[in-house]
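Chemist: The structure under discussion is supplied below as structure tokens; questions concerning it will follow.
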Amino acid sequence: MIKIFSYSYSLRPLTSLNAITPVKEREGALLKIEWPDGKTGYADLHPWPELGDAPLAAHLQDLAKGKISSLVEQSIWLARKDAQLRADKKNYFDEGVPLKNNFILSQVKGVVPGFLDEIKSEGFTSVKVKVGRDLQGEIGFLTHLAAAGLAIRLDFNAIGSWQIFEKFMSQVPPTVRPFIEYIEDPFPYDEKSWSEAQKLAPIAVDNEFHKVRWNRDEKPPFDVMVVKPARVDVDKAVEYCKKWNLKMTITSSMDHPVGVAHAVGVAMELKKLHGDMILDAGCMTHRLYQMDLFATELFTQGPYFAKGRGYGVGFDNILKALKWYPVKNS
Ligand code: MG
């Protein structure tokens, strides 16, 4: 029997994280898992009820009864990777190939143009922007990004509609279009209208992923899969990308630094295995939250994460010092 312990935490966002989430503390839990072979690993469990996930308490109560949600399944998969690395006295960075991350802007309001030169001089070559709150302001901002020569990743989080998306694209100046690397979840998934959207810009699927019918003989209507190892079966995603010649972006789930470190580790592992199929990652989401003890141990150098202390995902001393509670029926 595996033994599972949890430690509940909350993260404080600096500003609203996307167009559908108001500013409030975010709840999650770290899991410590002990296997009968003596190996112990850690992972994050960070549900997004705004995206339709059950709340944290429900995942933990189910787990106590032996019922494993798909999110918990991913946590266990990641914890096992961590456990194996710890047993081998290795850090994720000893195994994979480092890759760049996009810079993340959760909103464009208040960003001064000089700031873009600054992040460019730090080495960032792409910027991800959450859009859908102020289309006019956002389009104006895209011209600054293009002028700075930065690749643009947009994310609508599937709000709005084909009409809003088409209107948005019709207002993007022709000089800016070549800088759009892709647009994530432009509106709710629909094969026909996403095919139309693809004629206007490269399209990426993220949270709309679960609506995709993969067993068809036709290439799905997008160019890139955004894969969050905390939420999606990574092996299956790799299989789909290979079959349909899609690119893949690995991102964290705007979760705890332990979740971030796992996403970085998986991204480095996949970069080593699959090279050009793996695009720059999007794992620097820890900057969207107030700094905590864990975040002080996530080291970055411009767009790259740097190796931290400890084995597996790291954080060894902090994780050991936490008060862990067995996950059991209450
Ligand atoms: Mg997204």
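The values are calculated or read from the model by the stated rules, or taken from the named source; none is laboratory data. All values reported here derive from a predicted model rather than from experimental measurement. Cβ coordinates were reconstructed from backbone atoms using ideal geometry, including for glycine residues, and neighbour counts include every protein chain displayed. In case anyone asks, the SASA skips ligands and DNA or RNA and just uses the protein heavy atoms, side chains included. Shrake-Rupley method; radii C 1.70, N 1.55, O 1.52, S 1.80 Å.
Chemist: If you put +1 on each Lys and Arg Cβ and -1 on each Asp and Glu Cβ, how big is the dipole of the chain around its Cα centre, in Debye rounded to 20? Mind showing how you got there, number by number?
Modeler: On the way: 42 positive and 41 negative charges, 121 e Å.
So the dipole magnitude of the chain works out to roughly 580 debye.
Chemist: Next question, about the same structure. Once you compute Rg and the Kirkwood Rh from C-alpha atoms, what is the Rg to Rh ratio for the stretch 159-293? Present the calculation step by step, with values, prior to reporting the outcome.
Modeler: Details: Rg = 15.7 Å, Rh = 15.9 Å.
Value, to two decimals: 0.99.
Chemist: On the Cα set of the stretch 174-254, report Rg and Dmax in Å, please.
Modeler: So, for the stretch 174-254, Rg and Dmax equal 12.5, 38 Å respectively.
Chemist: Keeping all protein chains in place, calculate the accessible area per residue for the stretch 72-147 (probe 1.4 angstrom), answer in Å².
Modeler: On the way: 3320 Å² over 76 residues.
Per residue, the stretch 72-147 has an accessible area of 44 Å².
Chemist: In addition: Compute from the Cα atoms of the stretch 81-132 the Rg and the Dmax, the latter being the longest Cα-Cα distance, and quote both in angstrom.
Modeler: According to the Cα coordinates of the stretch 81-132, Rg and Dmax are 17.0, 47 Å.
Chemist: Right, next: Could you work out the helix-only [θ] at 222 nm for the chain, with each DSSP H run of four or more residues adding -39,500 (n - 2.57) and the total divided by the number of residues, to the nearest 500 deg cm²/dmol?
Modeler: Values: 9 runs with 102 residues, N = 330.
Computed ellipticity for the chain at 222 nm equals -9500 deg cm²/dmol.
Chemist: Show log10 I(q)/I(0) for the stretch 130-215 at q = 0.11, 0.13, 0.27 Å⁻¹, two decimals, from a solvent-free Debye sum over equal Cα scatterers.
Modeler: Per q value, in the given order, log10 I(q)/I(0) is -0.28, -0.38, -1.52.
Chemist: Just to confirm my numbers, what's the Cα centroid distance between the stretch 56-122 and the stretch 238-301 in Å?
Modeler: 6 Å
Chemist: Then there's this: Using only the alpha-carbon atoms, how far is helix 234-244 inclined from the longest principal axis of the chain? Give it as 0 to 90 degrees, nearest 10.
Modeler: The two axes meet at around 30 degrees.
Chemist: Between the stretch 135-193 and the stretch 206-223, how far is it from one alpha carbon centroid to the other, in angstrom?
Modeler: 20 Å
Chemist: Across bins of 10 angstrom width beginning at 0, how are the C-alpha pair distances of the stretch 1-137 distributed, in whole percent?
Modeler: Once binned at 10 Å, the Cα pair distances of the stretch 1-137 give 10, 28, 29, 24, 9, 1.
Chemist: Once all Cα-Cα distances of the chain are split into 20 Å bins that start at 0, what whole-number percent is in each one?
Modeler: 31, 59, 10
Chemist: Follow-up. For GLY282, what is the net charge nearby, where nearby means another residue's Cβ is under 14 Å from its Cβ and Lys, Arg count +1, Asp, Glu -1?
Modeler: +2
Chemist: Now for a separate question. Tally up the carbon and sulfur contribution to the accessible surface of the chain as a whole percent, 1.4 Å probe, everything protein left in place. Working shown, then result.
Modeler: Working: 7820 of 14900 Å².
Ligands and nucleic acids excluded, carbon and sulfur give 53 percent.
Chemist: Mind checking which aspartates and glutamates have their C-alpha under 16 Å from LYS128, skipping anything on the same chain fewer than 8 residues away?
Modeler: ASP117, GLU118, GLU138, ASP155, GLU181, GLU184, ASP185, ASP206, ASP280
Chemist: Sticking with this structure for a sec: May I ask you to rank ARG287, ARG86 by accessible area, largest first, using a 1.4 Å probe over the protein chains only? Let's see the in-between values first.
Modeler: Values: ARG287 95, ARG86 40 Å².
Per-residue accessible area, sorted high to low, gives ARG287, ARG86.
Chemist: For the stretch 73-197, what is Rg from Cα atoms divided by 2.2 N^0.38 Å, rounded to two decimals? Don't jump to the answer; show the numbers that get you there.
Modeler: Numbers: Rg = 18.4 Å, N = 125, 2.2 N^0.38 = 13.8 Å.
So the stretch 73-197 has a normalised radius of gyration of 1.34.
Chemist: Quick one: grab the alpha carbon gyration tensor of the stretch 20-96, order the square roots of its eigenvalues as a ≥ b ≥ c, and give me rounded if a/c is under 1.5, else prolate or oblate depending on whether a/b is larger than b/c.
Modeler: Working: a/c = 2.93, a/b = 1.61, b/c = 1.82.
Judged from the Cα gyration tensor, the stretch 20-96 comes out oblate (a/c at least 1.5, b/c at or above a/b).
Chemist: Related question: Among the GluC sites (Glu not before Pro) in the stretch 94-153, which ones are in a DSSP loop with at most 15 other Cβ atoms within 10 Å of the Cβ? Mind listing them?
Modeler: On the way: sites: GLU95, GLU118, GLU122, GLU138; in loops: GLU95, GLU122.
The qualifying sites are GLU95, GLU122.
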